[in-house]
Amino acid sequence: MPETAVEPGEVLFAESGGSWWVVAIGPILIGAVLAMEISGPGQVHWPVITIFGLIVIGFSVVQVFAARRHVSVELTETTLRQGTRTVALADIERIYPENNGAAPQKWESAPALGELHGVPRRRKGVGVELSTGAIAQAWARDVTRFRTELSEAHLAVRLGLPPRGSTE
C-alpha cells in the first residue's frame, strides 16, 4: 500500500473504533456479584471477587485499546487512516460507486485498507482503486457519511485544492 508523508489538514470524518463504556461492564458485574454475596448466607469471597474483577476489567481495557488502535478511522483533507495505516488521498485513483444490485462487485471481495485482512465487524466497505492498480476496501460504521466525505475530499485533492487551513 502506498504511504506518503503529507500535511493532513482538517479532520473530516473520524471513528474511534472502540468505546470506553465497555470497561464499565466489569465493575457493574462485580457489584452485582458482591451484592449477591453480601445478601446471601455465608461469607463474602473477597479474593475470588478481586481476581474476577481484575480479569474482567483487564480484558475489557485490552479490547478497547486494540479496537482504538486497529479499527479506528480518520479522514482528513489529504489522508485516510484505517487502523495504523495512512494513505494519501492522492494515492487513490478511483472510488467505486455503492453496489445497489444483487450481483457482487469486484471491489467487494478486495482486502481491507489497513493492517486487517477484511473489513471489521459492524463496518461496511467502500471500494477504492489505488495508484498501484490494487483494489481495496476503505471501511467505516457510518458508511454513507464516510463515502460522501471521502468522495468530496478525493475530488478536492484531484482538483489540486489545498487544505482549508493552509497558507498556499
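The values are calculated or read from the model by the stated rules, or taken from the named source; none is laboratory data. As the structure is a computational prediction, the values presented were derived from the model and not from experiment. Backbone-built Cβ (ideal geometry, glycine too); neighbour counts: all protein chains shown. For the accessible areas, the whole protein counts, side chains as well, though only heavy atoms, and no ligand, DNA or RNA atoms are used. Shrake-Rupley method; radii C 1.70, N 1.55, O 1.52, S 1.80 Å.
Treating the angle as unsigned and between 0 and 90°, give the value, to the nearest 10°, between the Cα long axis of helix 143-158 and the longest Cα principal axis of the chain.
Between helix and principal axis, roughly 40 degrees.
Using Cα pairs closer than 8 Å and at least 6 residues apart in sequence, work out the relative contact order for the chain, in percent. Numbers along the way, then the final one.
On the way: 266 pairs, mean separation 42.6, N = 168.
It rounds to 25 percent for the chain.
Separation between the Val11 and Ile28 pseudo-spin-labels, each 7 Å from Cα along Cα→Cβ, expressed in nm?
The modelled label-to-label distance comes out at 2.6 nm.
Rg/Rh for segment 1-102 to two decimals, with Rh computed the Kirkwood way over all alpha-carbon pairs.
When Rh is taken as the Kirkwood radius, the ratio is 1.28.
What is the helix-to-structure angle for 25-39, meaning the angle in degrees between its Cα long axis and the longest Cα principal axis of the chain, kept from 0 to 90 and rounded to the nearest 10?
Here the helix axis deviates by roughly 10 degrees.
Check which residues have an amide H placed less than 5 Å from Phe13's amide H, if you skip close sequence neighbours.
Answer set, sorted by chain and number: Leu75.
What longest region of the chain stays clear of trypsin sites (Lys or Arg not before Pro) that DSSP places outside H, G, I, E and B and that have at most 13 other Cβ atoms within 10 Å?
Details: sites that count: Arg121, Arg122, Arg164.
Formally, the longest exposed-site-free interval is 1-120.
About the Cα centre of the chain, how large is the charge dipole given +1 on each Lys and Arg Cβ and -1 on each Asp and Glu Cβ? Please answer in debye to the nearest 20. Could the numbers behind the result be given before it?
Details: 15 positive and 17 negative charges, 94 e Å.
The calculated dipole for the chain is roughly 460 debye.
For the chain, report the accessible area per residue in Å² (1.4 Å probe, heavy atoms, rounded to an integer). Before the final figure, lay out each step's value.
Numbers: 10100 Å² over 168 residues.
That works out to 60 Å² for each residue.
I'm checking a number: the convex hull volume of the Cα atoms of segment 89-168, normalised per residue, in Å³. What is it? Working shown, then result.
On the way: hull volume 9.2 nm³, N = 80.
It is 115 Å³ per residue.
Two-decimal Rg/Rh of segment 14-166 from alpha-carbon positions, Kirkwood Rh? Don't skip to the end; give the middle numbers.
Working: Rg = 21.8 Å, Rh = 18.2 Å.
Computed over Cα atoms, the ratio is 1.20.
Give me the orientation-averaged projected area of the Cα convex hull of segment 10-59, in nm², one decimal.
On the way: hull surface 17.8 nm².
Orientation-averaged projected area of the Cα hull: 4.4 nm².
So what J values fall out for segment 125-135 if you push phi through Karplus, 6.51 cos²θ - 1.76 cosθ + 1.60 with θ = phi - 60°, rounded to Hz, Gly and Pro as x?
Result, rounded to whole Hz: x, 10, x, 9, 10, 8, 5, 6, x, 6, 9.
Can you pull the percent of the chain's accessible area that's carbon plus sulfur, 1.4 Å probe, other chains left in place?
Numbers: 6130 of 10100 Å².
Heavy-atom surface of the chain belonging to carbon and sulfur, 1.4 Å probe: 61 percent.
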